[in-house]
Amino acid sequence: MRIGMRLLLGYFLIVAVAAVFVLSIFVQEIKPGVRRATEGTLIDTATLLAGPRRSPFR
């Protein structure tokens, strides 16, 4: 294998490892915000669904 091809493959390997590292950090930072947004939506949906259920018992 020629030296140029080895250098190119090495470069792509380093870029791939860096991309995986950056994406894993990105996912770790985004996950709590997504959970909070999802929780808020679920609470709103539960409140809306419980509303008609509550009124006949008054």
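The values are calculated or read from the model by the stated rules, or taken from the named source; none is laboratory data. Treat the numbers as computed from the prediction; the structure is a model and nothing was measured. Quick reminder, even Gly has a Cβ in these numbers, built from the backbone with ideal geometry, and neighbours come from all protein chains shown.
Computed values, structure above
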item: Hits in segment 1-32 (condition: among the aromatic types (F, W, Y) and under 24 Å from the mean Cα position of the chain (by Cα)); result: F21, F26
item: Test for R6: is it out of contact with any Pro (no Cβ under 7 Å at 6 or more places or on another chain) and modelled with pLDDT under 90; result: no
